[in-house]
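The values are calculated or read from the model by the stated rules, or taken from the named source; none is laboratory data. Just so it is clear, the structure is predicted and the values come from calculations on it, not from any experiment. Here the Cβ positions follow ideal geometry from the backbone for every residue, glycine too, while neighbour counts run over all protein chains shown.
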């Protein structure tokens, strides 16, 4: 399968309008427009009954002690883990795109609710965990929420937008599922997949 995203070349920096955070004129980070990019796919194999979209960042620090701390830098050799930014499953087999802004047009304090939309079933992304306990931002973050890596990270982050063609109409997921649960449910049902990558950094010393 071939996946394409409008807004940047494959492997190139992601424009700020698709991000959760952008560099601030004063300080380090300010909130952005958080618009989901238009994503299209082609080359669907015979027998496809649904699609799923997963966007993840595999470059997230495994330990948060130095994250966004003045006078500190997140070291490059720190082990990294996955952070899921977009979990969308049970997309009808008749579709071959999600339009720009269809799943996210802004930052929603407290998150967007998971559940069935006209274009698929949205699961939780990891901002749910990141903002847990935050009086202003805490809540369930479902669907697309864009990049906002640590402003003091010493490496560029990579965002993998992957579309999966599946041999079943539904993964049978309900409730508060996230990326790991969606990927586990897909096992044995993936007919094909394709990815498109973007990079992002909020550290002025580490251009994306």
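Among the residues of segment 199-208, the ones that are part of a loop (DSSP other than H, G, I, E, B) and modelled with pLDDT of 95 or more come to 3 in all.
Selection of segment 159-177 for residues being within 15 Å of the chain's Cα centre (by Cα) and either surrounded by fewer than 17 Cβ atoms within 10 Å (Cβ to Cβ) or without any contact (Cβ under 8 Å) to a residue 40 or more places away in the chain (or both) yields only 160. The residue of segment 85-141 that is surrounded by the fewest Cβ atoms within 10 Å (Cβ to Cβ), among those that are under 22 Å from residue 162 (Cα atoms) and in contact with a helix residue (DSSP H, G or I) (Cβ under 7 Å, 6 or more places away or on another chain), is 89.
For segment 139-174, the tally of residues that are over 17 Å from residue 67 (Cβ atoms) and part of a loop (DSSP other than H, G, I, E, B) stands at 15. One residue stands out in segment 37-55 among those that are touching a strand residue (DSSP E or B) at 6+ places or on another chain (Cβ under 7 Å) and assigned to a loop (DSSP other than H, G, I, E, B): the one that is nearest to residue 70 (Cα to Cα), namely 37. For segment 7-24, a tally of residues being outside any strand (DSSP E or B) and either closer than 21 Å to residue 106 by Cβ or touching a residue at least 12 places away in the same chain (Cβ under 8 Å) (or both) returns 12. Restrict the check to segment 25-35 and report whether at least one residue is surrounded by 14 or more Cβ atoms within 10 Å (Cβ to Cβ), in a loop (DSSP other than H, G, I, E, B), within 14 Å of the chain's Cα centre (by Cα) and on the phi > 0 side of the Ramachandran plot. The answer is yes; a qualifying residue exists. When 108, 128 are checked against the criterion of being closer than 26 Å to residue 78 by Cβ and under 17 Å from the mean Cα position of the chain (by Cα), a single residue qualifies: 128. Filtered by the rule that a residue be surrounded by 15 or more Cβ atoms within 10 Å (Cβ to Cβ) and either free of Cβ contacts under 8 Å to residues at least 24 places away in the same chain or part of a helix (DSSP H, G or I) (or both), segment 183-198 gives 183, 185, 186, 189. Residue check: residue 67 meets all listed conditions (1) closer than 21 Å to residue 89 by Cα; (2) in contact (Cβ under 8 Å) with a residue 12 or more places away in the chain; (3) assigned to a loop (DSSP other than H, G, I, E, B) but one, namely (1). Of all the numbered requirements in (1) surrounded by 15 or more Cβ atoms within 10 Å (Cβ to Cβ); (2) within 25 Å of residue 38 (Cα to Cα); (3) at pLDDT 95 or above, residue 180 misses one, and that requirement is (1).
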